[in-house]
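The values are calculated or read from the model by the stated rules, or taken from the named source; none is laboratory data. No experiment lies behind these values; they were computed from the predicted model shown. Backbone-built Cβ (ideal geometry, glycine too); neighbour counts: all protein chains shown. The area values use the complete protein model at the heavy-atom level, side chains included, leaving out ligands, DNA and RNA. Shrake-Rupley method; radii C 1.70, N 1.55, O 1.52, S 1.80 Å.
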Amino acid sequence: MEKEHPIIAQVYAAKEDMLKADDLIRTYIPFIRSEASKSLMRVCTDQDDEFSIAMIAFHEAIRSYRKDRGAFLSYAAMLIRSRLIDYQRREARHRGHLSMDEENPEDGLSMYEKLVDEKDEYEEASELQATRQEIEELSKVMETFGVTFTDVAENAPKQERTLDACAGAIRYAAENRDLLDELLKTGKLPMSRLVSGSGAEKKTLERHRKYILAMLLIQTNGYEIIRGHLRHILKRKGGITV
Amino acid sequence: MKYIVMECHLSYAVVLDEYGRFLKVANLHYRTGQTVTHVIAMQEPDQEMEAAGSPESGPPEALPRKTQTPSEVQRTPEAAVSETARKTASQPARKSRWLYSLGALAACLVLVVGVVFKTQDTIYGSVYMEINPSIRIDVNRSDSVIALESLNEDGAALIRDYQYRKKSLDLVVDQLMDRAIEMGFLSEGGRISLSLDGKSSDWVVQKEESLDTHLSDYMSGKFTVTIEVGEGQPSSHENPAPPGTPPSHDSSDSDYDDDDYGDDPDPSPQKPGGNGTPPPPPEQDPPDDDGTDYQKPDNPSQSSYRKPDEPSLPDDDDE
């Protein structure tokens, strides 16, 4: 179909450019919705979780598409279908178990809500707001370094081993506040100090530069909530790596 | 596992887990700052597809919905299997991506080297030298001799076993001159004809002049010869040293018509010059380019002499 050719160019352009990717996805929302509906055998609305999954599948298709995989839309449709099937299978497996989120008909509360600290709506809302503020602040500071959360997500370590190595560097920085001061003052990552202080390989830390930058920034003042969330980082394998 | 939603986009969101992992996940109507427990991670393309993406390949986990234990992380078998498969699949992919770059570099180098070598071997110009032996010297762009061919029997004798490779034009001409003298082809009062052919007429003109000068210099101190270059402007050069040798006059500084080539007005130096060589040997007319005639043997009667069994030469370069 001749219609494919312009789209291929758009797909390739959107591979690395998030804005272009979003634009492309937005354009194809009707397509995505209809493909999702086909898979689910029912009408899929924007509110359904399945719709979100279909969208991320479309995004994955953009990232992984190659010309030799045939027409893009067919490829995307196939990926959407496969992700939705995975999702449905997972849901079906857990249908037998008691869902944490399912509400108990008697008191209207789900098990999850009972087990964790009970918060009323206000608390939750204000906590969300506070967290959001921290995140926005962090995002601004990261911007001065030219880094976005998307960059960090793409740059972050996925393997356990590398994650630990980076955690070591972050711990070292947390224990040596002057390092963080230097970072904020100079606008540069004091990589050599991190390497020598944590004993991690320079190559590893260099590879995950943006991630380490973000994590170090989180250790600076003003991100208590986020730091609280990350308690595992500082707790693990206690002590300084020499 | 709990995740904080850090950033929301149309088709995905970025979340941070408790272990410091940042992940791209499906945006299930999240709001920034929200804490969620259930995410569906985006699967990154294979390593070879990623341009500048993360160096590690394993996909983030896709976690199932919590059941009874909120803190337990369960990895579904499919996710685990696909993750392993992806990890193994991407290892060679990462290597081969690097190899592609290496291959491309090697190809470029080969190309460059090939071009360089080719240029070296390309004939840029030819010098036809006739004393009695008639030869052709081919040079490349840097005036380095790349081929040497005899155009007659004497020529063959002259260049037999002579190493010309990589020598400069001037050097070869000099050395062949010496050889000619040694072998008796050239002696007092002899004549050397040079004519040039080349891709660039500038080169031809410039070379003609420089060779003329060069040869004259070289031969002065040996004996008198007549050097004819190019358009048949014979210039004979005198050697002050040998006594008693009449200077060779060349009354023709004027241009000859093309038709008059070979009519040497000054036969005298040639004959008494102790020309050890037999009467002007048959000379091949070197291949002609269209406008230029080469020097013909000085003996007019032999001007069109051609040894019957000498093959006529093919036209090499046209201009």
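Quick notes on this structure:
- Counting only helices (runs of 4 or more DSSP H) wholly contained in region A:141-223, the ones carrying 3 or more residues that are surrounded by 20 or more Cβ atoms within 10 Å (Cβ to Cβ) and more than 9 Å from chain B (Cβ to nearest Cβ) occupy A:160-175, A:191-198, A:209-218.
- Here is the figure for region B:165-190: residues that are charged (D, E, K, R) and touching a Pro at 6+ places or on another chain (Cβ under 8 Å) total 1.
- Boolean, A:Glu118 is surrounded by fewer than 18 Cβ atoms within 10 Å (Cβ to Cβ) and either at pLDDT 90 or above or not aliphatic (A, V, I, L, M) (or both): yes
- A:Ala125 meets the conditions (1) of a type in the set (Gly, Ala, Ser); (2) at pLDDT 90 or above; (3) not in a loop (DSSP other than H, G, I, E, B) in every case but one. The failed one is (2).
- Those helices (runs of 4 or more DSSP H) lying entirely in region A:16-69 with at least 1 residues under 20 Å from A:Ala153 (Cβ atoms): A:18-27, A:49-64
- Filtering A:Ser34, A:Ser39 for residues that are open to solvent by 30 Å² or more (accessible area, probe 1.4 Å) and either on the phi < 0 side of the Ramachandran plot or of a type in the set (Lys, Arg) (or both) leaves a single hit, A:Ser34.
- Every residue from region B:195-228 that is over 17 Å from B:Ser168 (Cβ atoms), part of a helix (DSSP H, G or I) and open to solvent by less than 40 Å² (accessible area, probe 1.4 Å): B:Val204, B:Ser216, B:Met219
- Test: residue in region A:85-94 that is open to solvent by 20 Å² or more (accessible area, probe 1.4 Å), part of a helix (DSSP H, G or I) and more than 11 Å from chain B (Cβ to nearest Cβ): yes
- Test result for A:Asp101, open to solvent by 60 Å² or more (accessible area, probe 1.4 Å), away from chain B (no Cβ under 14 Å) and at pLDDT below 85: no
- Of the set (1) under 20 Å from B:Ser216 (Cα atoms); (2) outside any strand (DSSP E or B); (3) among the hydrophobic types (A, V, I, L, M, F, W, C), all apply to B:Phe117 but (1).
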